[in-house]
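The values are calculated or read from the model by the stated rules, or taken from the named source; none is laboratory data. Not measured: the values here are computed from a predicted model. Note that we place each Cβ from the backbone using ideal geometry, even for glycine, and neighbour counts take in every protein chain shown.
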């Protein structure tokens, strides 16, 4: 019993075409009433606090996915998918002192990503109450703030742009981003060079965010400067298309040099992939008690979910 029993599932929901009748957040209560009613009052209130309807849609789907994954993969009726928070405020589902399925969600520019992990058979049934697998996911969109990013770089320079975010990066990462020899950026025209540098920037952001979320900490963690992704590169931009439900998936990169306090990180499976020309998603998985379990997992492509598929599980 071991790594072959560890299952990792990855799903995407494209919210951009959902509930087209909602032009503002207040209208979500009417056009998405069936979905909202599936959430506890506290979660519904959080959804409806968003000013922009696009953000409210992503929040609604994010909340739905957390209950959906527990119902489907922990075999719990939807009405019993009560979520709590662990000591680091990360949403969890706990049953009999353990987490039968662990999960993490991320959303950006209309896409909502869910990664979840579970064991077919618990390899450590006598273990403590903590999760035996940690997961993190992050999705970024390189084009969502492109105009603003370009204006900032033109006005202040690339080094100043990097410095604006330096406190959440490692020192060596900042030096790498500010260096003059970023791969792919040397022979491009000025605008293309900035786009290329921005892709490196958002790649690093995505890698770090997924890793930090895997640990259960936040971007204010005191050890952020001790974490460095070195000589990383972005997955190449992909093409629009796919199966008609969202952007298609393209290049996948699974090898990275990761240092923590100067020591190589050898217990995390970190995978970043391009989704169409503008999106990247990073998944990070580790199994602290049996690191080989996570390292042996081949993280398969994300599967698109429809709203109807989510609601079907809620109706069972």
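In a residue-by-residue description of segment 241-250, the property of being on the phi < 0 side of the Ramachandran plot, in contact with a helix residue (DSSP H, G or I) (Cβ under 9 Å, 6 or more places away or on another chain) and either assigned by TED's automatic domain parsing to the domain that holds residue 114 or at pLDDT 80 or above (or both) applies to no position.
So if I check each of 113, 71, which one is assigned by TED's automatic domain parsing to the domain that holds residue 11 and part of a helix (DSSP H, G or I)? Please lay out each step first, then the result.
Details: 113 fails: part of a helix (DSSP H, G or I).
Result of the check over 113, 71: 71.
On the given criteria, is residue 88 farther than 16 Å from residue 315 by Cβ, touching a residue at least 24 places away in the same chain (Cβ under 8 Å) and either in a helix (DSSP H, G or I) or in the same structural domain as residue 100 (by TED's automatic domain parsing) (or both)? Judged against the criteria, residue 88 is a match.
Could you check segment 94-110 and list, in sequence order, the residues that are in contact with a helix residue (DSSP H, G or I) (Cβ under 6 Å, 6 or more places away or on another chain) and assigned to a loop (DSSP other than H, G, I, E, B)? Spell out the reasoning first.
Our first condition is that a residue be in contact with a helix residue (DSSP H, G or I) (Cβ under 6 Å, 6 or more places away or on another chain); within segment 94-110, this holds for 101, 103-105, 107.
Across segment 94-110, the qualifying residue is only 101.
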